[in-house]
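Visitor: I'd like to ask some things about the structure below.
The values are calculated or read from the model by the stated rules, or taken from the named source; none is laboratory data. Computed from a predicted structure; not experimentally measured. With ideal geometry, Cβ positions are generated from the backbone for all residues, glycine too; neighbour counts draw on all protein chains shown. Remember, those area values only see protein heavy atoms, side chains included, never the ligands or the DNA or RNA. Shrake-Rupley method; radii C 1.70, N 1.55, O 1.52, S 1.80 Å.
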Amino acid sequence: MDRQWRTRIVKSGEWRVTSGELPSAVHRPLSTVWLPFWALLSLFAIWLAFPTAVFADPSSPDAPCAGCHGDNEHSLPLPSGESLALDARLVELVASVHGSGAAEPVYCVDCHRNDTNYRYPHLPVPATTREEYVERVSQSCQGCHKSLQQHNPGHLNALDNPNLPGCLDCHGQGHAVTAADALAADPVATCQACHNSFDDPQVDRVHKELAAVLSPQQNCQSCHSDAPIYPADVRCRNCHQLLQSSVQLDSGESVSLHVEAETVAGSVHGASMTKDGYTPLRCTSCHRDEDRYEFPHQPLTVDDARGLTLEMDDLCQECHTEIAALDHDGVHEAARENGELAAASCADCHGSHNIQSPNEPRQRVSETCGKCHSTINEQYAGSVHGAALLGEQNPDVPVCIDCHGVHNIAPPQTAQFRVTSPDMCAGCHADEALMAKYDISTQVFDTYVADFHGTTVELFEKQTPWQETNKAVCYDCHGIHNILPANDEHSQVIKENLLVTCQQCHPDANANFPASWTSHFEPSPEHNPLVYYINLFYAVLIPGMVSGFLLFIGSDVYRRTGNRLRRRGAVQFPAETEKTEERVDAVEAEKAVEAEKTVEAEKRVETAKSVEPEERGE
């Protein structure tokens, strides 16, 4: 084989054709005078370099082809006005995959077979254009290699495209055939040989940016593959993970196109969903509108970044319908409907692609709300609740959503919110098990409900919760977000500051006013002993008096009932009744006689006593 290819090299200059087709007649304008000279010179060169030239193997199937096309400066014109060079460029052929690198000898006639218009004298070329000719050569390649339908990287999914490439478009035209391994070593450059610009501005801009950062591991075929892409969002992730540019909006703001696939995978919509038996969401699970999200993407219909964020809320509501219904009743939705577009939406609180559990860790709740309510968040951070949460990571203290709710957040300025706020505080401060952990008495809530303020507020809550009341609730005295321990020097309820707190509602209050309040302690010998003993006195007196009344009433009822029953019996049994009455009368008569005797005896004794002193005086 080496000998025959060496022979071709000697007979060639440069191969300038993409095919071995020859016209039926070729005119050589060489002078017949110089022919013998050039022939002798060629034979001499062959004898010096390759003593075993083609003449040593006159039966080689390439001998006639190389003899004619090895050094041919002519070209074949086509009806289209294009031309085909007739030089075979044997040097390049030897260096190609079909030359010295072939596993078995590859001859000219293996590709240019006699049954395909290559029998000499050659038939007229049926192709009218160079493109048609290249397509015919590609069909010849498929005689040994896979058919184009089975081996066309990145183009099999676009068979309806009339501009699909053939074998020569990728592996090279002419005989300088590039090996597949060489193409695979730089796949991006291979594709860019044809795809270096695009008519669509968006497609052109994106592909130019991607081409600069692609690699053998992540290349054109990552999206444009022979097989159907699965899952469907592979293209989304491949593209947006590499893109670093932004889209400019009419407002002058920019929206980044970069999305890390690991970010989405680590979100609540990613791999963690498998723990609950769900399949992780894909890009197309949310961006499912093909008309809107197919590439090239449709132009954005919003003018600013805020409009884009609010537009994305529709995607969340397609799955989270119940939460969306709650949000419609909340203060944020109401604000947006009134034109306050800065009010929080789904993405403002939860994010877009990097969505994490909203309350793990628990301080994430206050951090989320603090993005908009920064002043309130600073007050909360300095409060007794915020310090325990942020400083100690205490999971028991309330955060924003424990007081205000999550999605159906009610406006806190309403009368209903005010009168129901004590119950909100009671959710923790009336929980005996929770309060016992921190040695806090649950009497705080009980004593409030028992006093004038709490009783009135409770009545309003039960009967007319929408009606305004000026009676103090918990946060009027203790503060709202800036609640401090009761013994803190800046606390609103510490003794030194209590008068100022009371004067918010009672402007005429003096120093004795807060001193008369028993605070949230139940009266005891230690706390308010006078009140305790008075309460104890009445606790004994009142039950004793009531018990005496009940005993008196009970005995009277017993006597009256007995008399009534006796009278009823007299009516039913008159004889016995008469005898009974006679006996009663006799007994009463005897008692009367005995009484008279007793009275007379007493008189005699008295008389005797009075006479005796007189006799002594005499």
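Visitor: Among the residues of region 317-330, is there at least one that is of a type in the set (A, V, I, L, M, F, W, C), open to solvent by less than 60 Å² (accessible area, probe 1.4 Å) and within 16 Å of H407 (Cβ to Cβ)? Full working, then the answer.
Guide: The first filter runs over region 317-330 and keeps only residues of a type in the set (A, V, I, L, M, F, W, C), leaving 319, 323-326.
Retained after the next criterion (residues that are open to solvent by less than 60 Å² (accessible area, probe 1.4 Å)): 324-325.
From the residues that got through so far, the ones that are within 16 Å of H407 (Cβ to Cβ) too are 324-325.
Yes, region 317-330 has at least one match.
Visitor: Before we move on, is R288 out of contact with any helix residue (DSSP H, G or I) (no Cβ under 6 Å at 6 or more places or on another chain), basic (K, R), in a loop (DSSP other than H, G, I, E, B) and farther than 21 Å from V206 by Cα? Spell out the reasoning first.
Guide: On the way: out of contact with any helix residue (DSSP H, G or I) (no Cβ under 6 Å at 6 or more places or on another chain): yes; basic (K, R): yes; in a loop (DSSP other than H, G, I, E, B): yes; farther than 21 Å from V206 by Cα: yes.
When the stated conditions are applied, R288 passes them.
Visitor: Do you know which of the residues in region 413-444 that are in a helix (DSSP H, G or I) and hydroxyl-bearing (S, T, Y) is least open to solvent (accessible area, probe 1.4 Å)? Break it down stepwise before answering.
Guide: Going residue by residue through region 413-444, those that are in a helix (DSSP H, G or I) are 415-429, 432-437, 443-444.
Filter once more, keeping what is hydroxyl-bearing (S, T, Y): 420-421.
Details: T420: 46, S421: 2 Å².
Restricting to residues being in a helix (DSSP H, G or I) and hydroxyl-bearing (S, T, Y), the top hit is S421.
Visitor: Additional query: Among the residues of region 321-371, write down those that are among the small types (G, A, S) and either more than 27 Å from H385 (Cα to Cα) or within 16 Å of the chain's Cα centre (by Cα) (or both).
Guide: Let us first name the residues in region 321-371 that are among the small types (G, A, S), namely 324-325, 330, 334-335, 339, 342-345, 347, 351-352, 357, 366, 370.
Result: A324, A325, A334, A335, G339, A342, A344, S345, A347, G351, S352, S357.
Visitor: Against the definition (open to solvent by less than 70 Å² (accessible area, probe 1.4 Å), in a loop (DSSP other than H, G, I, E, B), out of contact with any strand residue (DSSP E or B) (no Cβ under 6 Å at 6 or more places or on another chain) and touching a residue at least 60 places away in the same chain (Cβ under 8 Å)), how does I376 come out, yes or no? Full working, then the answer.
Guide: On the way: open to solvent by less than 70 Å² (accessible area, probe 1.4 Å): yes; in a loop (DSSP other than H, G, I, E, B): no; out of contact with any strand residue (DSSP E or B) (no Cβ under 6 Å at 6 or more places or on another chain): yes; touching a residue at least 60 places away in the same chain (Cβ under 8 Å): yes.
No.
Visitor: Taking D110 and the conditions (1) surrounded by fewer than 18 Cβ atoms within 10 Å (Cβ to Cβ); (2) modelled with pLDDT under 65, which numbered condition does it fall short on, given that it satisfies the others?
Guide: (2)
Visitor: Return the residues of region 505-520 that are among the hydrophobic types (A, V, I, L, M, F, W, C) and surrounded by fewer than 16 Cβ atoms within 10 Å (Cβ to Cβ); say none if nothing qualifies. If you could, list the steps in order and put the result at the bottom.
Guide: Within region 505-520, the subset among the hydrophobic types (A, V, I, L, M, F, W, C) is 505, 509, 511, 513, 515, 517.
Listed by number, the residues that qualify are C505, A511, F513, A515, W517.
Visitor: Only residues in region 87-101 that are at negative phi count as the first member; pair them with residues that are hydroxyl-bearing (S, T, Y) and open to solvent by less than 60 Å² (accessible area, probe 1.4 Å), Cβ under 7 angstrom, at least 6 apart or cross-chain, and list the lot.
Guide: Final answer for the pair search is A88/S12; L90/S12; V91/S12.
Visitor: Can you pull out the helices (runs of 4 or more DSSP H) entirely within region 120-237 that have at least 3 residues that are surrounded by fewer than 17 Cβ atoms within 10 Å (Cβ to Cβ) and of a type in the set (G, A, S)?
Guide: Details: elements: 130-141, 167-171, 180-185, 187-192, 201-211.
Because the criterion is at least 3 residues that are surrounded by fewer than 17 Cβ atoms within 10 Å (Cβ to Cβ) and of a type in the set (G, A, S), the helices (runs of 4 or more DSSP H) in region 120-237 that meet it are 180-185.
Visitor: In region 477-520, what count of residues is obtained for those that are touching a residue at least 12 places away in the same chain (Cβ under 8 Å) and not in a loop (DSSP other than H, G, I, E, B)?
Guide: 9
Visitor: Which of the residues belonging to region 241-257 are of a type outside the set (G, A, S) and open to solvent by 50 Å² or more (accessible area, probe 1.4 Å)?
Guide: First pass over region 241-257, keeping only residues of a type outside the set (G, A, S): 241-244, 247-250, 253, 255, 257.
Q244, Q248, D250, E253 - these are the residues of region 241-257 that are of a type outside the set (G, A, S) and open to solvent by 50 Å² or more (accessible area, probe 1.4 Å).
Visitor: While we're here: Consider region 450-466. How many of its residues are touching a residue at least 40 places away in the same chain (Cβ under 8 Å) and either open to solvent by less than 40 Å² (accessible area, probe 1.4 Å) or touching a Ser or Thr at 6+ places or on another chain (Cβ under 7 Å) (or both)?
Guide: In the first step, residues of region 450-466 are kept if they are touching a residue at least 40 places away in the same chain (Cβ under 8 Å); the result is 460-461, 465-466.
Now drop any that are not either open to solvent by less than 40 Å² (accessible area, probe 1.4 Å) or touching a Ser or Thr at 6+ places or on another chain (Cβ under 7 Å) (or both), which leaves 460-461, 465.
Residues flagged as touching a residue at least 40 places away in the same chain (Cβ under 8 Å) and either open to solvent by less than 40 Å² (accessible area, probe 1.4 Å) or touching a Ser or Thr at 6+ places or on another chain (Cβ under 7 Å) (or both) within region 450-466 amount to 3.
Visitor: When C502 is evaluated against the numbered criteria (1) closer than 28 Å to T414 by Cβ; (2) open to solvent by 40 Å² or more (accessible area, probe 1.4 Å), which criterion, by number, is the only one it fails?
Guide: (2)
Visitor: Right, here's the next one. Just to check your reading of the model, which residue among T447, T469 is open to solvent by less than 70 Å² (accessible area, probe 1.4 Å), touching a residue at least 40 places away in the same chain (Cβ under 8 Å), among the polar types (S, T, N, Q) and in a loop (DSSP other than H, G, I, E, B)? First the steps, then the outcome.
Guide: Working: T447 fails: in a loop (DSSP other than H, G, I, E, B).
Of T447, T469, the one residue that is open to solvent by less than 70 Å² (accessible area, probe 1.4 Å), touching a residue at least 40 places away in the same chain (Cβ under 8 Å), among the polar types (S, T, N, Q) and in a loop (DSSP other than H, G, I, E, B) is T469.
Visitor: What do you reckon, is N497 closer than 29 Å to H385 by Cβ, polar (S, T, N, Q) and modelled with pLDDT of 90 or more?
Guide: Working: closer than 29 Å to H385 by Cβ: yes; polar (S, T, N, Q): yes; modelled with pLDDT of 90 or more: no.
Against the criterion (closer than 29 Å to H385 by Cβ, polar (S, T, N, Q) and modelled with pLDDT of 90 or more), N497 does not qualify.
Visitor: Let me ask something additional. T284: touching a residue at least 24 places away in the same chain (Cβ under 8 Å) and hydroxyl-bearing (S, T, Y), yes or no?
Guide: On the way: touching a residue at least 24 places away in the same chain (Cβ under 8 Å): yes; hydroxyl-bearing (S, T, Y): yes.
Yes: the conditions hold for T284.
Visitor: Right, another one. Could you check how many residues of region 521-537 are part of a loop (DSSP other than H, G, I, E, B) and either of a type in the set (V, I, T) or open to solvent by 80 Å² or more (accessible area, probe 1.4 Å) (or both)? Walk me through it before giving the result.
Guide: At the first step, the residues of region 521-537 found to be part of a loop (DSSP other than H, G, I, E, B) are 521-528.
Applying the additional criterion that residues be either of a type in the set (V, I, T) or open to solvent by 80 Å² or more (accessible area, probe 1.4 Å) (or both) yields 521-522, 526.
Residues meeting the conditions: 3.
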